[in-house]
């Protein structure tokens, strides 16, 4: 075999490998780049609780609903935040509002991956369970004030990025909620039995 023939063979092998990779990414008509473009939060371990269905080249996503009670404002919300078409912008705005910094009234976009994490937790405990919110978004101003009162408040808290929530679920023992959150491996889990809440976030996987 000449050097030219060998190089042609290597190029053909490389083309076959690239074709196989592309085929794998578009399996069942779903291109992995579509997921990235849509910004969907399915990369969090354990949060894809229903399979994606491809129909005529279109992804049909699982419908997801959450129910909240903000313990500081007594506001309630039950909302379908993810439809077959993807995340619903109006529903996300409602979630952003109820999880706002109640001290300042400041609103920030909540990470959809956090909502998927909360949805996954409630599915494992009790589908449709109402989540009691102790803390959602936290403004930098509020975070600084809380740090002056407690050394347990992180300087760069993920609450300030809309990536964390302090929660409890009525009828569920706090330790049981903690175990479920840990099993999700969706980010950080903090256990605060004296204050009666569990912290969950979509940062790196860790616990305290």
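FYI, it's all coordinate maths here, none of it is from the lab. None of the values given here were measured: they were computed from a predicted structure. When we count neighbours, we look across all protein chains shown, and the Cβ atoms used for this are built from the backbone with ideal geometry, even at glycine.
Between residue 80 and residue 125, 0.36 nm times their residue separation minus their Cα-Cα distance comes to what?
Numbers: separation 45, 0.36 × 45 = 16.20 nm, distance 1.85 nm.
That works out to 14.3 nm of additional length.
Using 0.36 nm per residue of separation minus the Cα-Cα distance, give me the extension gain between residue 73 and residue 196 in nm, one decimal.
Details: separation 123, 0.36 × 123 = 44.28 nm, distance 1.80 nm.
This chain segment gains 42.5 nm when fully extended.
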Quiz item: Any idea how far the Cα center of the stretch 186-206 sits from the one of the stretch 127-148, in Å?
Solution: 12 Å
Quiz item: So how much slack lies between residue 147 and residue 185, counting 0.36 nm per residue of separation and subtracting their Cα-Cα distance, in nm?
Solution: 11.0 nm
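Mind sorting 168, 204, 100, 185 by how few other Cβ atoms lie within 10 Å of their own Cβ, fewest first? Working shown, then result.
Values: 168 19, 204 7, 100 22, 185 14.
The order, fewest Cβ neighbours first, is 204, 185, 168, 100.
Is the shape of the stretch 133-202 best called rounded, prolate or oblate, per the rule: a/c under 1.5 gives rounded, else a/b larger than b/c gives prolate, else oblate, with a ≥ b ≥ c the square roots of the Cα gyration tensor eigenvalues? Kindly include the intermediate steps, with their values, before the conclusion.
Values: a/c = 2.18, a/b = 1.62, b/c = 1.34.
Prolate.
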Quiz prompt | Whether the stretch 41-207 is rounded, prolate or oblate, judged on the alpha carbon gyration tensor where a/c under 1.5 counts as rounded | solution = prolate
